[in-house]
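J.: Structure below; questions to follow.
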Amino acid sequence: MQIALIEAGKVLGGNHRWSWFDSDLDDAGRALLEPFRKSEWDGYEVRFPEYRRQLKSPYRSLASSDFDAALRRELGPNAVIANRSVTALDRGGVTLEDGTRISARSVIDCRGPQASDKLTGGWQVFMGRLTRTAKPHGLDRPIIMDAATDQHTPHGNGGAYRFVYVLPLGANDLFVEDTYYADRPVIDRNALSSRIDHYCQKHGWDGQIVGGETGVLPVITGGNFSDFQNDNRTAGVGIAGSRGGFVHPLTSYTLPFAVKNALIIAEEAELSGEHMTALLETRARRHWRRTKFYRRLGAMLFRAAKPGQRFLIFQHFYRLPQSLIERFYAGNSRFGDKARILIGKPPVPVFRAIAALLGKGKALTAEKEKIG
């Protein structure tokens with residue numbers, strides 16, 4: 001069977017870093033990612049104003065450069081078509097920007113998410129920086145969430161929950177990301193860069209900047225998924241990735257769901273384009289139903305908690321058992337898990353929480369705004 005993997009940029013996956021918990025994947029998923037060079041840790045840390053906690057859940061991270069290298073090696077040089085944009089696609093193939101036509105029995109669209117007035121929510125806005133420190137930084141595990149930071153938000157995003165994310169990628173290599181659960185999709189590059197500077201200086205991490213990335217991701221709290229699928233549907237073309245709705249609504253993690261889809265697509269590779277399209281649409285609808293709880297939590301985060309107090313939701317959550325937290329990130333929360341998350345002293349006022357759940361929320365239609 002022949003495969004053509006088309007990428008608009010020079011590097012498969014662009015300039016990005018994907019991270020996940022080992023518990024997000026089953027044995028088949030771990031085996032699929034075995035050929036990819038990645039960073040691995042046996043645990044991680046979280047920090048909040050009231051406490052710090054170390055958890056033993058293994059954590060993984062994959063850079064797009066390593067993603068690119070492994071795919072080219074595994075698929076072979078003739079399978080990858082990079083630095084070429086697609087101008088049109090249909091059930092019979094794709095057309096490239098130079099007019100080249102590539103015919104295919106099955107076409108799957110895995111491009112990034114599109115703004116949609118059929119979905120509601122907020123935004124995860126971030127800037128990450130890779131620094132080679134002048135001396136060993138001393139971290140032996142990631143800091144997944146350091147919310148013991150100033151919750152005052154940069155100009156223009158309307159209020160947010162802020163935390164810093166730190167990955168020790170080598171003895172002298174640190175990836176530091178300033179992240180916001182924001183009401184608006186605004187990246188104030190100058191403000192975020194200054195905040196990363198301040199955070200690194202506070203911890204004594206001086207060195208040379210060798211890379212970085214920025215991003216704006218939707219955090220989905222509700223909407224009409226059937227209408228969303230109708231708006232994005234091209235007859236006979238399958239849709240996967242975040243464009244197809246395969247994302248954790250609250251954390252915006254995508255890799256675990258992409259791995260599961262990849263395994264299913266490989267298993268059903270002989271399907272026609274129409275049948276593959278139907279399979280992926282059915283899986284997307286099932287995923288939407290299964291992740292309803294996380295959208296409700298997102299609604300409380302954005303519409304019930306005041307921006308400066310949003311960290312209380314996560315501070316409450318990270319007091320819970322490690323196994324519950326693992327199932328939460330994997331999108332596999334049990335009924336009892338959901339009760340444990342909601343029971344106890346509420347991190348937001350009850351009446352505001354009820355109003356948030358009953359409200360419609362803001363449509364995810366705004367274009368990505370970038371200032372600074």
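The values are calculated or read from the model by the stated rules, or taken from the named source; none is laboratory data. Note that the structure is a prediction, hence the values are computed from the model and not measured. We place every Cβ from the backbone using ideal geometry, glycine too, and count neighbours over all the protein chains shown.
J.: Is it true that some residue in region 257-272 is under 19 Å from Leu119 (Cβ atoms) and of a type outside the set (A, V, I, L, M)?
T.: yes
J.: Another question about this same structure. Taking Arg243 as the residue in question, decide whether it is under 30 Å from His137 (Cβ atoms), basic (Lys, Arg) and either touching a Lys or Arg at 6+ places or on another chain (Cβ under 7 Å) or in contact (Cβ under 8 Å) with a residue 12 or more places away in the chain (or both).
T.: No, not satisfied.
J.: For region 219-272, what are the residues that are in contact with a Gly (Cβ under 7 Å, 6 or more places away or on another chain) and of a type in the set (Lys, Arg)?
T.: The answer is Arg243, Lys260.
J.: Taking the residues in region 103-117 that are in a strand (DSSP E or B) and closer than 19 Å to Ala182 by Cα as candidates, determine which candidate is modelled with the lowest pLDDT. Talk me through it step by step, then tell me what you get.
T.: First, pick out the residues of region 103-117 that are in a strand (DSSP E or B): 103, 107-109, 116-117.
Those still in the list that are closer than 19 Å to Ala182 by Cα too: 116-117.
Working: Ser116: 83, Asp117: 89.
For region 103-117, the residue satisfying everything is Ser116.
J.: Continuing with this model, one more query. Which one is farthest from Ser103 (Cα to Cα) among residues in region 233-277 that are basic (Lys, Arg) and part of a helix (DSSP H, G or I)?
T.: Lys260
J.: Would you confirm, using the coordinates I've provided, whether Gln322 is out of contact with any strand residue (DSSP E or B) (no Cβ under 7 Å at 6 or more places or on another chain), surrounded by fewer than 20 Cβ atoms within 10 Å (Cβ to Cβ) and in contact (Cβ under 8 Å) with a residue 24 or more places away in the chain?
T.: So Gln322 fails the test.
J.: Counting just the residues of region 80-102 that are under 20 Å from Ser272 (Cα atoms), touching a residue at least 24 places away in the same chain (Cβ under 8 Å) and outside any loop (DSSP other than H, G, I, E, B), which one comes out farthest from the chain's Cα centre (by Cα)?
T.: Ile102
J.: Of all residues in region 1-11, which are outside any loop (DSSP other than H, G, I, E, B) and surrounded by fewer than 15 Cβ atoms within 10 Å (Cβ to Cβ)?
T.: If the condition is that a residue be outside any loop (DSSP other than H, G, I, E, B) and surrounded by fewer than 15 Cβ atoms within 10 Å (Cβ to Cβ), then Leu5 is the only one that fits.
J.: Among the residues of region 175-208, write down those that are touching a residue at least 12 places away in the same chain (Cβ under 8 Å) and of a type in the set (Ser, Thr, Tyr).
T.: Listed by number, the residues that qualify are Thr179, Tyr180, Tyr181, Ser193, Tyr199.
J.: Further, regarding this structure: Collect the residues in region 12-47 that are at pLDDT 95 or above and part of a loop (DSSP other than H, G, I, E, B), keeping them in residue-number order.
T.: Hits for region 12-47 are Leu25, Asp26, Glu34, Pro35, Phe36, Arg37, Lys38, Asp42, Gly43.
J.: Would you be able to say whether some residue in region 324-342 is polar (S, T, N, Q), part of a loop (DSSP other than H, G, I, E, B) and at pLDDT 95 or above?
T.: Within region 324-342 (the criterion being polar (S, T, N, Q), part of a loop (DSSP other than H, G, I, E, B) and at pLDDT 95 or above), the answer is yes, since at least one residue qualifies.
J.: hydroxyl-bearing (Ser, Thr, Tyr), surrounded by 17 or more Cβ atoms within 10 Å (Cβ to Cβ) and assigned to a strand (DSSP E or B): is that true of Thr131 in this structure?
T.: Here the answer is yes, as Thr131 does meet what is asked.
J.: Being in contact (Cβ under 8 Å) with a residue 24 or more places away in the chain, more than 21 Å from the chain's Cα centre (by Cα), crowded, with 18+ Cβ neighbours inside 10 Å and not assigned by TED's automatic domain parsing to the domain that holds Ala148, is that true of even one residue in region 26-41?
T.: No, that holds for no residue.
J.: Continuing with this model, one more query. Residues that are more than 27 Å from Leu167 (Cα to Cα), of a type in the set (Val, Ile, Thr) and either assigned to a strand (DSSP E or B) or free of Cβ contacts under 8 Å to residues at least 24 places away in the same chain (or both): does region 209-226 have at least one?
T.: Within region 209-226 (the criterion being more than 27 Å from Leu167 (Cα to Cα), of a type in the set (Val, Ile, Thr) and either assigned to a strand (DSSP E or B) or free of Cβ contacts under 8 Å to residues at least 24 places away in the same chain (or both)), the answer is yes, since at least one residue qualifies.
J.: Hey, could you check region 144-177 for residues that are modelled with pLDDT of 95 or more and of a type in the set (D, E, K, R) and say which is surrounded by the fewest Cβ atoms within 10 Å (Cβ to Cβ)?
T.: The residue in question is Asp173.
J.: Another one. When you look at Thr291, is it closer than 27 Å to Asn230 by Cβ and within 19 Å of the chain's Cα centre (by Cα), yes or no?
T.: For Thr291, the condition - closer than 27 Å to Asn230 by Cβ and within 19 Å of the chain's Cα centre (by Cα) - is met.
J.: Taking Lys56 and the conditions (1) surrounded by fewer than 17 Cβ atoms within 10 Å (Cβ to Cβ); (2) touching a residue at least 60 places away in the same chain (Cβ under 8 Å); (3) farther than 30 Å from Asp150 by Cβ, which numbered condition does it fall short on, given that it satisfies the others?
T.: Only one criterion is unmet by Lys56, namely (3).
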